[in-house]
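K.L.:
Sharing a structure below in structure tokens format, with a few things to ask.
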Amino acid sequence: MAAKLKKGDKVVVLAGKDKGKQGEITAVFPKENKAVVDGVNIAIRHQRQTQTTQGGRISKAMPIDLSNLALMDKNGKATRVGFRVEGDQKIRFAKTTGEAI
């Protein structure tokens, strides 16, 4: 099945503690049905100091379920993703505007 959300897409969070926040997808894990979004679902991880790195509390973006994300259209609103065939290519499009992504 084709991926509805891909790395680099601008998304908005639909549910959870970060509801309403917007960001860009930095990584997608299709087998786990999760994605990492910039500035969303931040957790504090403790890092031990080594000779090369500074230790301390480090903020890290954790994966969020794909069902809690929606693509942003050109108007900045959440939209669903559809697929259509144009010529010989299958493309994604925003359901609200009908515009290709």
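The values are calculated or read from the model by the stated rules, or taken from the named source; none is laboratory data. All values derive from a computational prediction rather than experimental measurement. All Cβ positions, even for glycine, are placed from backbone atoms using ideal geometry, and neighbour counts span all protein chains on display.
K.L.:
Do the conditions hold for I44, that is, is it surrounded by 12 or more Cβ atoms within 10 Å (Cβ to Cβ), part of a strand (DSSP E or B) and at pLDDT 90 or above?
P.N.:
The answer is no for I44.
K.L.:
Identify the residue in the range 47-66 that is over 22 Å from F93 (Cα atoms) and in a strand (DSSP E or B) and, among all such residues, is farthest from the chain's Cα centre (by Cα).
P.N.:
From the range 47-66, those over 22 Å from F93 (Cα atoms) are 47-64; that's our starting set.
This time we only want the ones that are in a strand (DSSP E or B), so: 47, 56-61, 64.
Numbers: Q47: 25, G56: 27, R57: 24, I58: 21, S59: 18, K60: 15, A61: 11, I64: 8 Å.
The selected residue is G56.
K.L.:
Could I ask something else about it? Please find, within the range 85-95, the residue that is surrounded by the fewest Cβ atoms within 10 Å (Cβ to Cβ) out of those that are over 17 Å from K6 (Cα atoms) and charged (D, E, K, R).
P.N.:
D88
K.L.:
Now for a different question. Taking only pairs six or more apart or across chains, which ones have beta-carbon atoms under 7 Å, a first residue in the range 1-21 that is within 10 Å of A70 (Cβ to Cβ) and modelled with pLDDT under 95, and a second residue that is among the polar types (S, T, N, Q) and surrounded by fewer than 12 Cβ atoms within 10 Å (Cβ to Cβ)?
P.N.:
none
K.L.:
In addition: Filter the range 47-84 down to residues that are in contact with a Leu (Cβ under 9 Å, 6 or more places away or on another chain) and surrounded by 11 or more Cβ atoms within 10 Å (Cβ to Cβ), then give me how many there are.
P.N.:
Result for the range 47-84: 9.
K.L.:
Determine which member of the set G98, G8 is surrounded by 10 or more Cβ atoms within 10 Å (Cβ to Cβ) and either of a type in the set (S, T, Y) or outside any strand (DSSP E or B) (or both). Please lay out each step first, then the result.
P.N.:
Details: G8 fails: surrounded by 10 or more Cβ atoms within 10 Å (Cβ to Cβ).
From the options G98, G8, the qualifying one is G98.
K.L.:
Separate question: Give the residue that is farthest from G76 (Cα to Cα), with candidates limited to residues of the range 13-54 that are of a type outside the set (D, E, K, R) and out of contact with any strand residue (DSSP E or B) (no Cβ under 9 Å at 6 or more places or on another chain).
P.N.:
That would be Q51.
K.L.:
For the range 16-41, which positions are part of a loop (DSSP other than H, G, I, E, B) and among the acidic types (D, E)?
P.N.:
D18, E32, D38
K.L.:
Scan (1) free of Cβ contacts under 8 Å to residues at least 12 places away in the same chain; (2) closer than 14 Å to A3 by Cβ; (3) surrounded by 10 or more Cβ atoms within 10 Å (Cβ to Cβ) for the single condition P30 breaks and write down its number.
P.N.:
(1)
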